[in-house]
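No value in this document is a laboratory result; all are computed from the given coordinates. Because the structure is a prediction, the values reported are computed rather than measured. In this analysis, Cβ positions are derived from the backbone assuming ideal geometry, glycine residues included, and neighbour counts consider all displayed protein chains.
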């Protein structure tokens with residue numbers, strides 16, 4: 001009996017372990033004890049890699065060149081707006097520089113009055129590329145930058161000018177309509193356009209001084225008013241002067257015309273991932289408990305490891321040419337450089353604040369695509385569920401009283417769990433991505449229509465997760481071993497930065 005009670009000796013399982021395990025001094029156990037070992041073994045199932053799974057299922061587009069190029073197109077029909085940067089009566093002639101005075105003096109905007117306006121805008125007409133919300137470090141376009149001159153003004157167009165009280169520019173209280181009667185000279189290399197206009201609809205306070213809302217203050221020009229952090233609806237719209245149609249005389253013939261250049265180009269590169277495994281034939285031939293074929297077990301793990309590496313790369317990689325190898329561009333790198341940027345502090349961000357962000361992100365004036373998948377870290381995943389469930393769990397007063405932001409469904413897409421959260425701006429498809437845990441980005445909104453996973457395929461060769469098998473002889477032993485190589489060559493293509501965003 002003493003021998004039976006002394007069986008609980010300890011075996012150290014290594015430094016850093018949670019603690020010793022109980023057993024005998026021999027790992028094989030006491031020969032007379034079976035310890036009820038079964039024929040089953042528990043396997044810990046890690047979460048699938050949601051981003052790689054989505055792009056490989058939804059957005060795979062093979063390429064036959066490791067340095068691929070693509071074209072983006074942005075229409076211009078909703079970009080015919082500009083800002084007034086100088087003005088005076090027509091008798092003073094055209095402008096030669098940006099003005100510093102916002103006030104339109106009394107009598108300047110009476111019906112049939114004529115004046116010269118110097119107009120500028122805040123998007124690059126070479127592709128109609130504008131600003132993204134919160135993005136001030138990359139590709140910010142300011143009024144007066146090169147290649148921003150508004151080229152769309154034509155004679156007989158009608159333009160709406162927003163006006164505010166004297167000394168309070170930027171706050172619209174009135175407006176007037178003017179008709180373009182002459183296209184004048186340009187100012188700067190390719191920055192501003194002079195137009196001569198006639199007032200056809202005077203403001204109600206025509207006898208008082210008024211300020212053009214385009215100016216940022218009563219004594220400063222507009223040059224840098226359109227910073228990327230300004231909301232279009234609450235800040236910029238009041239400052240913009242839009243073309244609101246045209247008016248032509250009977251029998252006046254064909255009007256003048258213009259055309260835009262809506263195309264811009266980009267490029268991407270493929271990256272090569274390799275995962276190898278090797279095993280000698282003695283080990284391959286040995287039958288083991290639980291999973292008899294050790295080669296098959298390790299091979300399965302290597303496939304998962306290979307996929308895991310690709311997921312990490314297409315999330316966090318940065319497009320780069322080292323001279324020896326290429327790196328493709330990951331989602332986090334691209335969106336943090338060129339997408340929309342919002343802040344998120346769970347303790348202080350309210351549901352109303354979050355809906356304001358969604359409103360800016362999905363503003364149709366510059367982002368008309370809302371088919372996004374929201375990848376979130378664990379903390380944010382829980383926060384969104386608490387936010388969307390709070391109303392229905394705590395404030396519902398009747399079945400007919402509806403919450404505007406609520407969790408409406410749970411579903412699976414290609415094995416990935418998706419939570420559908422309903423908002424006034426459409427459904428949010430949210431999935432947890434553990435790769436974002438510990439990263440500053442809490443939400444990564446990726447429009448799956450404008451990203452592509454591009455494996456290299458051509459001339460009968462498919463580099464999308466190809467497997468190569470070989471036999472290698474160990475040095476000085478003459479023992480052959482099986483060597484398998486998993487290899488993928490693919491890249492990510494990113495388009496339409498307006499359709500992507502992140503919260504951090």
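The figures follow:
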item	result
Inter-label distance, nm, simple model (7 Å from Cα along the C-beta direction), residue 356/residue 264	2.7
Segment 277-333, Rg to Rh (Cα coordinates; Rh as Kirkwood inverse mean 1/r)	1.25
Distance in nm between pseudo-label sites at residue 324 and residue 459 (7 Å out along the Cβ direction from Cα)	2.5
Over segment 263-395, volume per residue of the alpha carbon convex hull, in Å³	212
Protection proxy ranking, peptides 459-467, 196-204, 145-153, 322-330, average beta carbon neighbours within 10 Å, highest first	145-153, 196-204, 322-330, 459-467
Label-zone membership for segment 160-204, site residue 246, 7 angstrom Cα→C-beta point, backbone N under 15 Å	179-183
Gain upon complete extension [residue 345, residue 298; 0.36 nm per residue less C-alpha separation]	12.7 nm
Two-site FRET efficiency, residue 186 against residue 160, from Cβ-Cβ distance with R₀ of 30 Å, rounded to 0.05	0.85
318, 214, 76 arranged by Cβ crowding within 10 Å, fewest neighbours leading	318, 76, 214
Ascending count of other beta-carbon atoms within 10 Å, so fewest first, for 63, 103	103, 63
Cβ-Cβ FRET estimate between residue 427 and residue 235, R0 fixed at 22 Å, reported to 0.05	0.20
Stretch gain in nm, segment residue 71-residue 471, where the contour uses 0.36 nm per residue and the Cα spacing is subtracted	139.5 nm
Segment 59-172 - percent relative contact order, Cα under 8 Å, separation 6 or more	23
Label-point gap, in nm, between residue 209 and residue 504 - each point 7 angstrom along Cα→Cβ	4.5
